[in-house]
Amino acid sequence: MTFREILNVLWQRRWAILLVVVLAVLAAGLYVVRQTPVYQASTTLKLNAAAASGMMEQYFGSIPVDFDTESIGSPEVLKAAAEIVGETPATALYGTTTWRVVEGARTDRIIITVTGPSPGVANDRANAVADAYITYINNQVAAGLVALQGQQADKAAQAADLQRQVTANPDDSIASSSLARALSSLGTLSTQVEAITLAGSPLTVQTPADPGSRVGNPPALVLAVAFAVGLMAGIGMALIWVQFDTRVRDEREFESLVDVPLIAQLPWDPKLTKRDDRLPVLARARTPLNEGIRSMRTSLQVLARTSGSIFVITSVEPNDGKTFVSANLAATWARSGKRIVLIGGDLRRPELPTYFGGAAEGPGLAELLQKARDSHEPISGEDVEQLLSDTDIAGLKILPAGSEPPDPADLLASDSLSLVLDLVRARADVIIVDSPPSYALTDAALLAKHATGAVVLASLGRTRRDRFVDTVDDLVANDVAVVGVVANRSRKRVPKSYDRYYSSTRDMPHERRSSGRVRLDLRPSAGKPAVPKDLDDFETADDEVILDEPIATDEHTTEEHADSPMSAAKGNARSGG
């Protein structure tokens, strides 16, 4: 798949991609809204040299003093912190506090981090936990110091008692030895008490907590990531989808699948369904659909160099719009001044009566073929003339399909079909045959064998590639000249700059040329020749060729002749046909 094809696929699936992106962003937005914002604040405590080196614990000796940093998360510290900030219950800070010890060259630091629902709450909690922990450690030191001083007092009393014994009996070696030990212990205790007193508080606040910052990814980042993920998911889905989607999505695919030119694109017009307008070309409205049908007529007109050209209109599958195209093509061709005969070649499900009413009903092609087969007598021109029905459109006659025979394919395979078409050819300039779909039926191929060529109608977004290729290949294998493909239900938009060309010329401002410039003249042109509203349906004689130039009138210029052969050739070249 080329880069251009990838871009084309992405453009065709743009709404699906957009839907995935929107869903991803909405899901991310819902996640952000439902998430309770969490903020965190940190404070740093500094340990003095004695506490950092572990000497503080040695000063207390056998006296139990808790210097473990795990006490920061103890209920005693957290409850005290909750009381400081006034939060209830006392367990409000449980699970909100973390800490880590950073070792330094001389001192260590303890970084306490606390979370909260707002920046202020997180800040207050961090400072409260720090204060509560410092108070807890100071209480531990104070309690240990009291116990140590008690030991000191006991040793001093013991030493005094031993001193009296030695004074009373200098020769008492045991008392002298005990006194020496007591004095030594007293000196050690005095040194410990002095060291603890001089060391001061083991912890001090080095950095108070700053206002809390939000934890986690910012909402903008979450939405941006969701947008990117949704876009990638949508693109991936589109590229995977196209691998399994076998339907034709772009007009250019037809010519890449088969060696047959694309002769027309018929835009999708939902207004036709609302208006139930089956022959929109009769309204003489210059809509993209009408111009597409006229473009098809112009392309076929290049092939219809001789009188009595026959074109079989078929499709890949039912409901592709072949009868609609056949009826409107015949109508617009008849309005150009040609003698047109529209043949109901679909003997299985004839639909021309839907468009032309009683003119397309009654005996027709089926009866002619059955008569020739059963009577073994050649059909005369009078037989054909009797079954041709006039319509409300000047120059257009219809040969109905007739009653449904039990064997449509066998009837069309008879030699009499060629004779019937020859007799009709003598009475028309162009013959259009509305035939059945060609994918699973041979009727169209049997009809097209005797025709100038066959036109295959396919629907964008509906026709599958393999069925389209099989249809064209089967027709070619049956010696049928497939002269073109028509893309029905096209979504291709016409540039807005063409809106004035699709409007009535009487409603448009006139143009005046002066000094090489075009000026718009909004004044009425009384007494000047008017441009006919159905200019696109006029044709020239067979031996004339109209160049792709504008048709000029007095003092103003009309539209270009949209349906001239040269214009059609250029239009087809531009569209890849």
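Just a few scattered comments:
- Exclusive hit being surrounded by fewer than 22 Cβ atoms within 10 Å (Cβ to Cβ), closer than 30 Å to VAL485 by Cα and of a type in the set (A, V, I, L, M, F, W, C), set ALA366, ALA372: ALA366
- A single entry from ASP131, ASP161, ASP154 fulfils the requirement of being part of a helix (DSSP H, G or I), among the acidic types (Asp, Glu) and surrounded by 16 or more Cβ atoms within 10 Å (Cβ to Cβ): ASP131.
- Set GLY95, GLY120: member being surrounded by fewer than 17 Cβ atoms within 10 Å (Cβ to Cβ), within 20 Å of VAL38 (Cβ to Cβ) and at pLDDT below 85: GLY95
- Qualifying residue in the stretch 174-196 (condition: in the same structural domain as ALA92 (by TED's automatic domain parsing), of a type in the set (Ser, Thr, Tyr) and either within 24 Å of ILE72 (Cα to Cα) or outside any helix (DSSP H, G or I) (or both)): no
- Pairs linking a residue in the stretch 189-202 that is in contact (Cβ under 8 Å) with a residue 24 or more places away in the chain to a residue that is assigned to a loop (DSSP other than H, G, I, E, B), with Cβ atoms under 8 Å and 6 or more positions apart or on different chains, are GLN192/GLY61; ALA199/ASN48; GLY200/ASN48; SER201/ASN48; PRO202/ASN48; PRO202/PHE67.
- Long-range neighbours under 6 Å by Cβ, at least six apart or interchain, first residue surrounded by fewer than 20 Cβ atoms within 10 Å (Cβ to Cβ) within the stretch 16-42, second among the aliphatic types (A, V, I, L, M) and outside any helix (DSSP H, G or I): VAL38/VAL215
- Residue match in the stretch 415-425 (condition: in contact with a strand residue (DSSP E or B) (Cβ under 8 Å, 6 or more places away or on another chain), of a type in the set (A, V, I, L, M) and closer than 15 Å to VAL483 by Cα): no
- All of SER184, SER173 fail the test of being out of contact with any Phe, Trp or Tyr (no Cβ under 6 Å at 6 or more places or on another chain), closer than 26 Å to GLY61 by Cβ, surrounded by fewer than 16 Cβ atoms within 10 Å (Cβ to Cβ) and not acidic (Asp, Glu), apart from SER184.
- The strands (runs of 3 or more DSSP E) falling completely within the stretch 240-354 that include 1 or more residues that are assigned by TED's automatic domain parsing to the domain that holds VAL430 and either farther than 29 Å from VAL424 by Cα or of a type in the set (Ser, Thr, Tyr) (or both) map to 262-267, 309-315.
- Unmet requirement for ALA451, which otherwise passes all of (1) among the small types (Gly, Ala, Ser); (2) under 17 Å from PHE324 (Cβ atoms); (3) part of a loop (DSSP other than H, G, I, E, B): (2)
- The single residue among GLY364, GLY381, GLY337 that is touching a residue at least 12 places away in the same chain (Cβ under 8 Å) and at positive phi turns out to be GLY337.
The values are calculated or read from the model by the stated rules, or taken from the named source; none is laboratory data. This is a predicted model, so every value here is computed, not measured. All Cβ positions, glycine included, derive from the backbone under ideal geometry; neighbour counts span all protein chains shown.
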